[in-house]
1. Using only Cα atoms, find the angle between the long axis of helix 8-28 and the longest principal axis of the chain, and express it within 0 to 90 degrees, rounded to the nearest 10.
2. Given contacts defined as C-alpha pairs under 8 Å and at least six residues apart, what's the relative contact order of the chain, whole-number percent?
3. Search the structure for amide H atoms under 5 Å from the amide H of Val149, placed 1.01 Å from N in the peptide plane, and list their residues when 5 or more places away or on another chain.
4. List the residues whose amide H sits under 5 Å from the amide H of Arg80, counting only those 5 or more places along or on another chain, with H placed 1.01 Å from N in the peptide plane.
5. Mind sorting Val177, Val187, Val149 by how few other Cβ atoms lie within 10 Å of their own Cβ, fewest first?
6. How big is the Cα convex hull of the chain in projection, averaged over all directions, in nm²?
7. Can you give the extra length, in nm with one decimal, that the chain gains between Gln138 and Lys56 once fully stretched, where that is 0.36 nm per residue apart less the Cα-Cα distance?
8. Let me check I've understood the local charge: for Thr130, count other residues with C-beta under 11 angstrom from its C-beta, Lys and Arg +1, Asp and Glu -1. What total comes out?
Amino acid sequence: MSNYIGSAKLSKMSDALSHALKLQSESLHRPNKRKSDKDLRSFTIREMADICLRMKYNTLRSYLKSIDGLPEGSLEAGNRRMYTLDEIHEIQQVFFENGKIPLELYPNKVENETTTKLLIYNLKGGVSKTTSAVNLAQLLAARGFRILVVDLDPQASCSDLFDVRADIDDLPSIYDVLRYGSAEDNVQAIPVADAIQ
């Protein structure tokens, strides 16, 4: 086995395995090459009220009719009006500027406001740490908050759910930030900003 370490044969086998993993992933996510190639679905007015804006449905409908210059969304089958998340955030900003959203429900930081940090941690495996972190991040992002998720798990399950494939993509990770530099290998730790995707 020691004759394989650093050998051209091991490198060739590694390249073949990487290629096979890429082909498998592409076949699973057909017709898209990756999960993130699909557009995020649009939201109904009720979903916008309940999930994104946290206001009563009838209040939202009233604001949508009475405030000029708001995105109109798209009309789908059954005469249902649908809005993209970008349109919802644009509506949210206009509502705030018109005093329709109170400051405590406004997701963007205001002057002198500190950043909130959440940590999801448990030593036991299989207790939904990753699922909780991803669902919470997606909900907060839908509500308009700016989110940074740091995946410190070597399995990179959280990264995979955000379609960052640590085993295939050649991207910097938290390991590249934390590792010690080595003069022999000419390896240096990178700034954390370079590892953020």
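No value in this document is a laboratory result; all are computed from the given coordinates. Since we're looking at a predicted model, the values are computed, not measured. Using ideal geometry, Cβ is built from the backbone for each residue, glycine included, and neighbour counts are taken over all protein chains shown.
1. Helix 8-28 sits roughly 20 degrees off the main axis of the chain.
2. Taking the mean separation of contacting Cα pairs over the length of the chain, I get 15 percent.
3. Distant-sequence amide H within range of Val149: zero hits.
4. Amide H neighbours of Arg80, under 5 Å, 5+ apart: none.
5. Listing Val177, Val187, Val149 from fewest to most nearby Cβ atoms yields Val187, Val177, Val149.
6. That works out to 17.4 nm², a quarter of the Cα hull's surface.
7. Result: 27.4 nm gained on full extension.
8. Its environment carries a net charge of -2.
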